[in-house]
Amino acid sequence: MGYDMTLEQLLRYNGKSPKPERFKEYWARAIKELDELPLQYELVPAEFQSPHAECYHMYFTGVGGSRLHAKYVKPKDLKGKGAGMAYFHGYSCDSGDWMDKVNYAAHGITVLALDCRGQGGWSEDLATVKGTTIRGHIIRGIDDPDEDKLYYRNVFLDTVLTARMLMSLDHIDSERVGVHGLSQGGALAIACAGLEPRVKLAVPVYPFLSDFKRAWELDAKSSAYEELVYYFRFFDPHHQREDAIFNKLGYIDVQNLADAITAKVVFVTGLSDTICPPSTQFAVYNKITSEKELVVYHEYGHEYLPYLSDKTLQAFMKL
């Protein structure tokens with residue numbers, strides 16, 4: 001049992017942060033904008049190479065004209081068309097080392113690992129918004145009157161573009177593409193699967209960006225959601241705009257995309273997670289209606305999880 005709720009309570013919890021009335025319209029309009037982008041890319045051979053894989057830097061253009069970067073790792077000597085993984089990284093980090101991606105390539109799985117725009121990698125963010133971020137990206141765009149200026153709107157669309165780019169490659173079976181990530185990456189895997197119905201597998205691990213109001217109530221200043229506390233402290237200390245703020249955040253709350261997922265989901269969580277509280281994660285899990293498997297680490301939190309890499313590889317090998 002973790003600090004949040006019992007497992008029995010978690011399996012009944014459905015979240016408390018609101019879903020905006022125009023949620024479906026908001027994302028339908030966003031996907032329409034994405035549909036207008038061509039699936040064009042530039043490949044630059046990477047300095048890192050392997051006997052098992054061809055490694056490239058892939059560059060392509062996302063919404064708003066931002067130049068995006070992803071690590072592209074293609075198996076050598078692939079016979080026929082194979083499976084693919086779109087990989088998304090944790091908050092403020094980057095797409096990571098080549099080595100773990102080469103391991104998937106050695107098993108015939110192509111990996112396309114996105115650098116989230118404006119974070120630690122090489123993807124740029126050209127969007128201009130009104131207001132501050134203080135420390136992070138959750139609240140970027142929250143003060144802009146245009147709801148489309150929320151930072152994560154564009155990042156969610158970038159994940160869909162990444163999956164579509166992967167599906168367009170001539171050596172990829174577009175019916176065998178999945179998504180994977182931890183923390184922020186877990187949230188992005190959920191968002192991508194919810195917005196791109198052709199995704200066949202999602203393996204989100206202790207996902208971030210869910211049930212913002214619940215996270216805020218659970219002493220958010222000690223978690224990944226701390227910028228919510230700082231925002232209210234500095235810009236709305238009397239909470240006069242609390243309802244409007246949480247309603248607007250509902251557009252980028254991944255629990256609100258969970259019921260649109262058609263992919264098989266292998267959902268991984270730790271019951272002692274103080275960074276992304278378990279209840280915020282189960283708000284997502286309990287709304288998934290497609291085939292799903294829950295993997296619970298009872299005494300673990302937001303940390304290295306033993307045997308997770310093995311389980312993830314096995315799930316993708318079954319695509």
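The values are calculated or read from the model by the stated rules, or taken from the named source; none is laboratory data. All of these numbers come straight from a predicted model, not from anything done at the bench. Cβ: placed from backbone, ideal geometry, glycine included. Neighbour counts: every protein chain shown.
Would you be able to say whether some residue in region 44-62 is at pLDDT below 95, surrounded by fewer than 17 Cβ atoms within 10 Å (Cβ to Cβ) and either farther than 21 Å from Gly178 by Cβ or β-branched (Val, Ile, Thr) (or both)?
Checked region 44-62: no residue is at pLDDT below 95, surrounded by fewer than 17 Cβ atoms within 10 Å (Cβ to Cβ) and either farther than 21 Å from Gly178 by Cβ or β-branched (Val, Ile, Thr) (or both).
Do you know which of the residues in region 238-276 that are aromatic (Phe, Trp, Tyr) and within 19 Å of the chain's Cα centre (by Cα) is nearest to Ile288 (Cα to Cα)? Lay out the reasoning, then the answer.
First pass over region 238-276, keeping only residues aromatic (Phe, Trp, Tyr): 246, 251, 267.
Checking which are within 19 Å of the chain's Cα centre (by Cα) leaves us with 251, 267.
Numbers: Tyr251: 17, Phe267: 10 Å.
The extreme case among them is Phe267.
Are there any pairs, at least 6 apart or on different chains, whose C-beta atoms fall under 6 Å, with the first in region 289-311 and farther than 19 Å from Leu10 by Cβ and surrounded by 13 or more Cβ atoms within 10 Å (Cβ to Cβ) and the second of a type outside the set (S, T, N, Q) and at pLDDT below 95, and if so, which?
Short answer, once both residue conditions are applied: none.
Answer yes or no as to whether Lys71 is touching a residue at least 60 places away in the same chain (Cβ under 8 Å), in contact with a strand residue (DSSP E or B) (Cβ under 6 Å, 6 or more places away or on another chain) and among the charged types (D, E, K, R).
Working: touching a residue at least 60 places away in the same chain (Cβ under 8 Å): no; in contact with a strand residue (DSSP E or B) (Cβ under 6 Å, 6 or more places away or on another chain): yes; among the charged types (D, E, K, R): yes.
No; evaluated as a whole, the condition is false for this residue.
Can you find, within region 156-188, the residue that is farthest from Gly90 (Cα to Cα) among those that are polar (S, T, N, Q) and touching a helix residue (DSSP H, G or I) at 6+ places or on another chain (Cβ under 8 Å)? Working first, answer last.
Going residue by residue through region 156-188, those that are polar (S, T, N, Q) are 159, 162, 168, 174, 183-184.
After this cut, where a residue has to be touching a helix residue (DSSP H, G or I) at 6+ places or on another chain (Cβ under 8 Å) as well, the list is 159, 162, 174.
Values: Thr159: 13, Thr162: 16, Ser174: 26 Å.
Within region 156-188, the match that is farthest from Gly90 (Cα to Cα) is Ser174.
Just for region 37-67: of the residues that are in contact with a strand residue (DSSP E or B) (Cβ under 9 Å, 6 or more places away or on another chain) and among the hydroxyl-bearing types (Ser, Thr, Tyr), which one is farthest from Ala113 (Cα to Cα)?
Taking region 37-67 and keeping what is in contact with a strand residue (DSSP E or B) (Cβ under 9 Å, 6 or more places away or on another chain), we get 37-50, 52-62, 67.
Add one more test, that the residue is among the hydroxyl-bearing types (Ser, Thr, Tyr), and what stays is 41, 50, 56, 59, 61.
Details: Tyr41: 14, Ser50: 17, Tyr56: 11, Tyr59: 11, Thr61: 15 Å.
Out of the qualifying residues, it is Ser50.
Output yes when any residue across region 280-287 is over 18 Å from the mean Cα position of the chain (by Cα), assigned to a helix (DSSP H, G or I) and either at pLDDT 95 or above or more than 15 Å from Ala187 (Cα to Cα) (or both), and no when none is.
No.
Of all residues being under 17 Å from Gly15 (Cα atoms) and not hydrophobic (A, V, I, L, M, F, W, C) in region 217-239, which is surrounded by the most Cβ atoms within 10 Å (Cβ to Cβ)? Just the residue, please.
Here the residue is Tyr225.
Name every residue in region 1-49 that is of a type in the set (Gly, Ala, Ser) and either in contact with a Ser or Thr (Cβ under 7 Å, 6 or more places away or on another chain) or at positive phi (or both), in order of residue number.
From region 1-49, those of a type in the set (Gly, Ala, Ser) are 2, 15, 17, 28, 30, 46; that's our starting set.
Of everything in region 1-49, those that are of a type in the set (Gly, Ala, Ser) and either in contact with a Ser or Thr (Cβ under 7 Å, 6 or more places away or on another chain) or at positive phi (or both) turn out to be Gly2, Gly15.
Scan region 224-263 for residues that are in contact with a helix residue (DSSP H, G or I) (Cβ under 8 Å, 6 or more places away or on another chain), at pLDDT 95 or above and either assigned to a strand (DSSP E or B) or of a type in the set (A, V, I, L, M, F, W, C) (or both) and report the count.
10
Would you check which residues across region 218-237 are touching a residue at least 60 places away in the same chain (Cβ under 8 Å), more than 15 Å from the chain's Cα centre (by Cα) and under 15 Å from Ile275 (Cα atoms) and list them?
Within region 218-237, the subset touching a residue at least 60 places away in the same chain (Cβ under 8 Å) is 218, 224-228, 230-231, 234-235.
After this cut, where a residue has to be more than 15 Å from the chain's Cα centre (by Cα) as well, the list is 218, 225-228, 230-231, 234-235.
Within region 218-237, Leu218, Tyr225, Glu226, Glu227, Leu228 meet the criteria.
Please enumerate the residues belonging to region 80-103 that are touching a Leu at 6+ places or on another chain (Cβ under 7 Å) and over 26 Å from Tyr151 (Cβ atoms).
Of everything in region 80-103, those that are touching a Leu at 6+ places or on another chain (Cβ under 7 Å) and over 26 Å from Tyr151 (Cβ atoms) turn out to be Ala83, Gly84.
Just one of the numbered conditions (1) in a strand (DSSP E or B); (2) under 25 Å from Ala315 (Cβ atoms) is not true of Leu68; which one?
Condition (2) is where Leu68 drops out.
Say whether the condition of being part of a helix (DSSP H, G or I) and in contact with a strand residue (DSSP E or B) (Cβ under 9 Å, 6 or more places away or on another chain) is met by at least one residue in region 289-308.
The first filter runs over region 289-308 and keeps only residues part of a helix (DSSP H, G or I), leaving 308.
From what is left, the residues that are in contact with a strand residue (DSSP E or B) (Cβ under 9 Å, 6 or more places away or on another chain) are 308.
Taking every residue of region 289-308 in turn, at least one turns out to be part of a helix (DSSP H, G or I) and in contact with a strand residue (DSSP E or B) (Cβ under 9 Å, 6 or more places away or on another chain).
Can you tell me how many residues in region 264-279 are out of contact with any Phe, Trp or Tyr (no Cβ under 9 Å at 6 or more places or on another chain) and assigned to a helix (DSSP H, G or I)?
So the first thing to find is which residues in region 264-279 are out of contact with any Phe, Trp or Tyr (no Cβ under 9 Å at 6 or more places or on another chain), and the list is 264, 266.
With the extra rule that they be assigned to a helix (DSSP H, G or I), the set shrinks to none.
Selection size over region 264-279: 0.
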